[in-house]
Each structure stands twice: as C-alpha cells, then as structure tokens.
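Here is the structure we will look at.
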Amino acid sequence: MNDDLAALIRTVPDYPHAGIQFRDITTLLLDGPGFATTVDRLAAAVGTGFDLIAGIEARGFVFGAALAAKLAKGLILVRKANKLPGTVLGVNYALEYGEDRVEIHADCVPAGARVLLVDDLIATGGTALAAVQLLRAGGATVTAAAFVIDLPDLGGADRLRAAGVDVATLVEFAGE
Ligand code: AMP
C-alpha cells in the first residue's frame, strides 16, 4: 500500500531514545512529486464531509496546511503549550516518549463545524486523542482523522476509532 511513499520516508533507529524507530518525513517532503502525491492521496482518502481541517504542531501543520489549501478548507492550528496569543483551551496528554500539552484558540471552531484532524503519524494515539478531546471541547464535531503513517502495533488508530473517529492512513510500518 503506497510503497512508493513508504520508500521516501527515512527510518532513524534509536531516535530520540533507544528502541524508537523514528519515521522521518523530511525526506518525503524533499521529494516534490512525492509530497504532491502524498497530499493527493490524503485528499482522495478523506472525501469532503468536513468544514475545517485541524493540523497538529508541527508536522501536522505541513500536511494539514497542504490539504486545506488543496481542498479550500480553513485550517485550525493545534499548538503546543503557550504559543497562541488569544484565550486558549488546553489538554495535557502522555506521548510515546514524554508528556505534552495541546492548545487551540477558544473561539476557533464555528458552532457545529465538522473538523478533520491531520498529523504526520499516529503511534499510541495519545496526541490525536488529546486533539480530538480539545476540538470537541471547543464545539467541533470530529468524525474523521488522516495520517500519512500508521504504527498499527501501537494501537492508536484503533483507539481513535473507538472514540468515534474514522481513520485514514497511507503507509503502515508494522512490527513495532
Ligand atoms: P502518539 O501520540 O503516540 O500517537 O504519537 C504521535 C506523535 O508523535 C506524532 O505527532 C508523531 O509525529 C510523533 N511520533 C511518535 N512516534 C514516532 C515515530 N516512531 N517516528 C516519528 N514520529 C513519531
């Protein structure tokens, strides 16, 4: 499935910690046709049943922004702590390695808006679930999410589906 795109993703062993196989999308981004194909296939996978896209800082901004521009949808920035200037809503969460917090502007979701969540990779799903919780707290209906990469053995996509979110992914790295 999308082996051409998988071949453009560099694997860095033991980064940022021993035992982590870091899936580095900077090599995919450097390949113009590969980047364009990635965005085209994300667009084909997600359909049109949403009003806005939310990208998760920072690599989710890259794919979320490209997809939003292609589909002429507005973009919500789901940011790390203390980056947004206005009144924020926030959620703390545990990462595959470490802890973090995501925030959005409290007023960024129009009433009843359907939001598609985008990030580069889903592992345990902790980040995406925190973003879903946050967007729902802001008034969004979040029924779909898209990721370039899925690490299926870590169960994040299944956890997201259990939370009522359809999950689309392009490339799977199984066995980790
Ligand atoms: P998780 O919350 O466990 O689903 O982790 C997803 C977030 O951490 C995404 O924003 C990814 O960019 C990053 N991440 C987690 N594991 C990896 C990995 N093996 N390679 C690259 N990025 C990762």
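Could you please state how large a percent of the accessible area of the range 121-176 is carbon and sulfur, counting protein chains only and using a 1.4 Å probe? After summing per-atom areas, the C and S share lands at 48 percent. Extending 7 Å from Cα along the Cβ direction at T48 and again at R136 yields two label points whose distance is 2.8 nm. Using C-alpha pairs under 8 Å with a sequence gap of at least 6, the mean separation divided by the residue count of the range 33-176 gives a relative contact order of 22 percent.
If you count only protein heavy atoms with a 1.4 Å probe, what accessible area per residue comes out for the chain, rounded to a whole Å²? Mind showing how you got there, number by number?
On the way: 7960 Å² over 176 residues.
Using a 1.4 Å probe on heavy atoms only, each residue of the chain averages 45 Å².
For the chain, hydrophobic long helices are taken as DSSP H runs at least 20 Å long by C-alpha position along their axis with mean Kyte-Doolittle hydropathy of 0.0 or more; these are 32-46. Under a 5 Å amide H cut-off, with hydrogens placed 1.01 Å from N, L116 pairs with D51, L52, I53, A54 among residues at least 5 apart or on other chains.
Note on the range 48-172: antiparallel DSSP beta bridges, both residues inside, total approximately 30 percent of the bridges counted. In units of the compact-protein estimate 2.2 N^0.38 Å, the range 1-92 shows a Cα radius of gyration of 1.25. Here the sum of -39500 (n - 2.57) over DSSP H runs of 4 or more residues, divided by the residues of the chain, equals -9000 deg cm²/dmol at 222 nm, to the nearest 500.
Rg ratio for the range 104-167: its Cα radius of gyration over 2.2 N^0.38 Å, N being its residue count, equals 1.07. Using a simple spin-label model with points 7 Å from Cα along the Cα→Cβ vector, what separation in nm is obtained for Q21 and K80? Once both label points are built, they end up 2.5 nm from each other. Applying 1/(1 + (r/R0)^6) with R0 = 25 Å to the Cβ-Cβ distance of A69 and L30 gives a FRET efficiency near 0.80. Applying 0.36 nm per residue to the separation of V12 and A106 and subtracting their alpha-carbon distance, the gain on full extension is 30.2 nm.
Quick one: net charge around I104, please, counting Lys, Arg +1 and Asp, Glu -1 for every other residue with C-beta under 13 Å from its C-beta. So the surrounding residues net to +2.
The simple spin-label model puts a point 7 Å past each Cα toward its Cβ; for N92 and R114 those points are separated by 3.5 nm.
Plugging the Kirkwood radius over Cα pairs into Stokes-Einstein for the chain, at a temperature of 37 °C and a viscosity of 0.692 mPa s, what D comes out in µm²/s?
203 µm²/s
The values are calculated or read from the model by the stated rules, or taken from the named source; none is laboratory data. All values reported here derive from a predicted model rather than from experimental measurement. Because the Cβ atoms are built from the backbone with ideal geometry, glycine has one as well, and the counts that use them run over all protein chains shown. Keep in mind that these areas ignore ligands, DNA and RNA; they rest on the heavy atoms of the full protein, side chains included. Shrake-Rupley method; radii C 1.70, N 1.55, O 1.52, S 1.80 Å.
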